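The values are calculated or read from the model by the stated rules, or taken from the named source; none is laboratory data. Remember, it's a predicted structure, so these values are computed and weren't measured experimentally. Here Cβ is always computed from backbone atoms with ideal geometry, including for glycine, and neighbour counts include all displayed protein chains. Remember, those area values only see protein heavy atoms, side chains included, never the ligands or the DNA or RNA. Shrake-Rupley method; radii C 1.70, N 1.55, O 1.52, S 1.80 Å.
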Amino acid sequence: MTKNQKLIQWVNEWKEICQPDSVYWCDGSEEENQRLLDEMVASGAAVKLNEKLRPGSYYFQSDPSDVARVEDRTFICSAKKEDAGPTNNWADPAEMKAKMLEMYKGCMKGRTMYIIPFSMGPIGSNIAHIGVEITDSAYVVVNMRIMTRMGKKVLDVLGEGDFVPCVHSVGAPLAPGQQDVKWPCAPIEKKYITHFPETHEIWSFGSGYGGNALLGKKCFALRIASVMAKEQGWLAEHMLILGLTNPRGEKKYVTAAFPSACGKTNLAMLIPTIPGWKVECVGDDIAWMKFGADGRLYAINPEAGFFGVAPFTSMETNPNAMLSCRANTIFTNVGLTPDGDVWWEGIGTECPEGTITWKNKVYDPASGEPVAHPNARFTAPAYQCPAIDSDWENPAGVPISAFLFGGRRPSTVPLIHEARSWQHGVFMGSIVGSEVTAAAIGLKAGVRRDPFAMLPFCGYHMGDYFAHWLKLGKAAKDAAKLPKIFYVNWFRKDNGKFLWPGYGENSRVLAYIFDRCNGQGEAVETVIGKVPAVNSIPTEGLEGMDTSKMEKVLAVNKEEWKDEVALIEEHYARFGNHLPAELSEELAILKKNLA
Ligand code: GTP
Ligand code: SPV
Ligand code: MN
């Protein structure tokens, strides 16, 4: 399949270590995909869904110990501990490799070793990069086929070139004659998701779920890519990308960084409630960005599919996501209905009697246990999204006019505010915080700081990452062409209820952002930045929204922000002398404004 000596040698090395029964090079073909799916159905790992209701789609239940990313088992193994920074788990690369090699020894016995060549980004784009994942999970192969461009066509482009080597095993070898389980994985204390930033390598062991196992996603496209981006002067971000067209037919692209399970997929596929506006989706999770010859930042979506949160996705909240997963989709940890379709909380219909839960029990409403795991996901091809942007696979990327930051903040943070400058915008990104969600296991409830929504995904010292953002702004040929920066919060509450309706109604905020990028829209200076004048967010047709409620949504309360400053100081203290002086300066300005 390949003449790439580094690749051939690397595969041979890992074959020796893992001792699989056989090695299989994935070509990415339809036949190969169907064969793997059929094998998983035959073994009981998968259920084929009703061909009439959900064509070409399959259902999986994971092991209850393997349902989300495992942040406390995730490591950045830089040569120096300091380079991983205070927000990452660190381990010495040599020690980690020695320990993991022991675990990898014979770990694929009784299994097939699959070799998956994949491209993150349109094949051949100068923003794209190639990786190769070794895995002993057919589930990973069929997911990677949706999430990335995968197979022979990637090897052809790779030629003798370089790639990011990604090693994955579920860590569950089979003895001769041993019956396999439905979802093989290793116990939590044997799970390791490790990254070697200096050598751009990824080693993952013991988990088969999501970002732990589909190594192109968080491991490569964020943790390793953030390191490459710093080395090479570009950006690898946890951001959706959307195209926004106004009633006059003018189009702008914006990206938005929200922490996991805080609304990226929803915003990326939003259907505007305001007449004449259109939103089209380029990506829902990750953006890679480089400056173009014209001095603007261009973004590609390195992925080819959506690995979206299922619960509370409905024709009401996100019809484009529902239509994206109408066929050819892999569902993991949702409910299985008696007629062979899927169901989850918030799907918008009654749960059919006899539905099987993600724990493989008949649903019993009295049990208090949900049908779907809160981090249940669908894996769907991006091209199936009715709102996919015509330029989503443009190798040159799309030009970005605005960056949005946000998270779940029940108080303090207004619906939207705008940065006074790039430096102020970097400050905003650095202080992003959010209420904890179900996308990762074992986190304490409450608001956690998640700078740039990259806390679990930055492959190096977060303070140096802030410095990289500042440097990039200074390196811009024309500062006027840099994206404008905004901070949004759809989740502000009053008496326990969301003040803002969210979802499609967020188009009202996008319209305001569009106008601001055109030098229009009215903004008022406040202590934290520019906030819209109360009547500049259109509210016609918004039920229950009046001026006094809008004032609450947009309010900047000095006392709340004084409390926030104390929390920001605590947060900043973690970065020590890696905290850029520019950010201390911004914090000082905020404090002065509040005095
Ligand atoms: P990851 O895939 O984990 O990175 O998540 P994501 O950022 O793509 O989040 P997603 O769009 O899947 O949304 C997660 C949850 O937030 C879902 O339960 C949504 O229903 C909810 N949500 C999304 N947008 C809004 C909004 O505007 N308002 C409110 N109240 N909830 C929202
Ligand atoms: C996230 O947690 O931000 C996700 C899901 O997008 S996973 O791919 O599992 O990281
Ligand atoms: Mn994500």
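To keep it simple, each residue is scored yes or no on (1) closer than 22 Å to ARG248 by Cβ; (2) touching a Ser or Thr at 6+ places or on another chain (Cβ under 6 Å); (3) free of Cβ contacts under 8 Å to residues at least 24 places away in the same chain; (4) of a type outside the set (Val, Ile, Thr).
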{"residue": "LEU482", "(1), (2), (3), (4)": "no, no, no, yes"}
{"residue": "ASN489", "(1), (2), (3), (4)": "no, no, no, yes"}
{"residue": "LYS497", "(1), (2), (3), (4)": "no, no, yes, yes"}
{"residue": "TYR503", "(1), (2), (3), (4)": "no, yes, no, yes"}
{"residue": "GLU522", "(1), (2), (3), (4)": "yes, yes, yes, yes"}
{"residue": "THR526", "(1), (2), (3), (4)": "no, no, no, no"}
{"residue": "PRO538", "(1), (2), (3), (4)": "yes, no, no, yes"}
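For VAL227, all conditions in the list (1) outside the structural domain of ILE400 (by TED's automatic domain parsing); (2) surrounded by fewer than 21 Cβ atoms within 10 Å (Cβ to Cβ) hold save one; what is the number of the exception?
(2)
I'm checking my understanding of the structure. Among residues of the stretch 236-256 that are surrounded by fewer than 24 Cβ atoms within 10 Å (Cβ to Cβ) and touching a helix residue (DSSP H, G or I) at 6+ places or on another chain (Cβ under 7 Å), which one is nearest to PRO319 (Cα to Cα)?
Only one residue fits best here, namely LEU244.
Select, from ALA310, ALA327, the only residue that is small (Gly, Ala, Ser), outside the structural domain of ARG409 (by TED's automatic domain parsing), touching a residue at least 12 places away in the same chain (Cβ under 8 Å) and under 25 Å from SER119 (Cα atoms).
Of the residues listed, the single one that is small (Gly, Ala, Ser), outside the structural domain of ARG409 (by TED's automatic domain parsing), touching a residue at least 12 places away in the same chain (Cβ under 8 Å) and under 25 Å from SER119 (Cα atoms) is ALA327.
Determine which single condition ARG35 fails, assuming it passes every other condition in (1) more than 27 Å from the chain's Cα centre (by Cα); (2) open to solvent by 60 Å² or more (accessible area, probe 1.4 Å); (3) farther than 30 Å from ARG326 by Cβ.
(3)
Looking at GLU189, is it surrounded by fewer than 23 Cβ atoms within 10 Å (Cβ to Cβ), over 22 Å from the mean Cα position of the chain (by Cα), at pLDDT 95 or above and of a type outside the set (A, V, I, L, M, F, W, C)?
So GLU189 fits the description; yes.
Looking at (1) closer than 19 Å to ASP464 by Cα; (2) within 14 Å of ligand 3 (Cβ to nearest atom), which is the one condition that is false for LEU214?
(1)
So ILE271 clears everything in (1) without any contact (Cβ under 8 Å) to a residue 24 or more places away in the chain; (2) aliphatic (A, V, I, L, M); (3) touching a Gly at 6+ places or on another chain (Cβ under 6 Å) except one condition, right? Which one?
Tallying (1) without any contact (Cβ under 8 Å) to a residue 24 or more places away in the chain; (2) aliphatic (A, V, I, L, M); (3) touching a Gly at 6+ places or on another chain (Cβ under 6 Å), ILE271 fails exactly one: (1).
Test each condition in (1) within 27 Å of ILE286 (Cα to Cα); (2) open to solvent by 60 Å² or more (accessible area, probe 1.4 Å); (3) at pLDDT 95 or above for GLY124 and report the one that comes out false.
Failing condition for GLY124: (3).
Only one of (1) closer than 21 Å to ALA396 by Cα; (2) away from ligand 3 (no atom under 14 Å from the Cβ) is not met by GLU303, so which one is it?
Unmet condition: (2).
Any residue that is assigned to a helix (DSSP H, G or I) and away from ligand 2 (no atom under 16 Å from the Cβ) - is there at least one of those in the stretch 189-211? Steps first, please.
Here is the first cut: in the stretch 189-211, the residues assigned to a helix (DSSP H, G or I) are 189-190, 210-211.
Then keep just the ones that are away from ligand 2 (no atom under 16 Å from the Cβ); that gives 189-190.
The answer is yes, given that some residue of the stretch 189-211 is assigned to a helix (DSSP H, G or I) and away from ligand 2 (no atom under 16 Å from the Cβ).
Could you list, in sequence order, all residues of the stretch 296-312 that are of a type in the set (Val, Ile, Thr) and either in a loop (DSSP other than H, G, I, E, B) or within 13 Å of ligand 2 (Cβ to nearest atom) (or both)? Steps first, answer last, please.
Going through the stretch 296-312, the residues of a type in the set (Val, Ile, Thr) turn out to be 300, 309.
Within the stretch 296-312, VAL309 is the sole residue that qualifies.
Pull up the stretch 318-345, narrow it to residues that are among the hydroxyl-bearing types (Ser, Thr, Tyr) and outside any loop (DSSP other than H, G, I, E, B), then point me to the one that is farthest from ligand 2 (Cβ to nearest atom). Walk me through how you get there before you give the answer.
Here is the first cut: in the stretch 318-345, the residues among the hydroxyl-bearing types (Ser, Thr, Tyr) are 324, 329, 332, 337.
Filter again for outside any loop (DSSP other than H, G, I, E, B), leaving 324, 332.
Values: SER324: 15, THR332: 10 Å.
Top of the filtered list is SER324.
Residue under question is GLU505, and the condition is that it be charged (D, E, K, R), farther than 16 Å from ALA402 by Cβ and modelled with pLDDT of 95 or more; does it hold?
Yes; evaluated as a whole, the condition is true for this residue.
Give the stretch 218-273 a look and list any residue that's within 16 Å of ligand 2 (Cβ to nearest atom), farther than 28 Å from SER78 by Cα, at pLDDT 95 or above and in a loop (DSSP other than H, G, I, E, B), or say none.
If the condition is that a residue be within 16 Å of ligand 2 (Cβ to nearest atom), farther than 28 Å from SER78 by Cα, at pLDDT 95 or above and in a loop (DSSP other than H, G, I, E, B), then CYS262, GLY263, MET269 are the ones that fit.
Looking at TYR512, TYR487, TYR465, which is the one that is closer than 25 Å to PRO399 by Cβ and in contact with a His (Cβ under 6 Å, 6 or more places away or on another chain)?
TYR487
Could you check the stretch 1-114 for helices (runs of 4 or more DSSP H) lying wholly inside it with 3 or more residues that are free of Cβ contacts under 8 Å to residues at least 60 places away in the same chain?
It comes to 5-18, 30-43, 93-104.
Suppose we keep only residues that are polar (S, T, N, Q) and within 21 Å of ALA396 (Cα to Cα) within the stretch 240-286. Which one would you say is nearest to ligand 3 (Cβ to nearest atom)?
Out of the qualifying residues, it is THR255.
Could you please find all residues in the stretch 406-427 being within 27 Å of ARG69 (Cα to Cα) and surrounded by fewer than 24 Cβ atoms within 10 Å (Cβ to Cβ)?
Listed by number, the residues that qualify are ARG408, ARG409, PRO410.
TYR298 fails exactly one of the following numbered conditions: (1) within 16 Å of ligand 1 (Cβ to nearest atom); (2) under 25 Å from PHE452 (Cβ atoms). What is the number of that condition?
Going through (1) within 16 Å of ligand 1 (Cβ to nearest atom); (2) under 25 Å from PHE452 (Cβ atoms) one by one, TYR298 breaks only (1).
Of the residues in the stretch 197-254, how many are of a type in the set (Asp, Glu) and under 29 Å from ILE330 (Cα atoms)?
Residues flagged as of a type in the set (Asp, Glu) and under 29 Å from ILE330 (Cα atoms) within the stretch 197-254 amount to 2.
Does LYS152 count as assigned by TED's automatic domain parsing to the domain that holds LYS191, open to solvent by 10 Å² or more (accessible area, probe 1.4 Å) and without any contact (Cβ under 8 Å) to a residue 12 or more places away in the chain?
Judged against the criteria, LYS152 is not a match.
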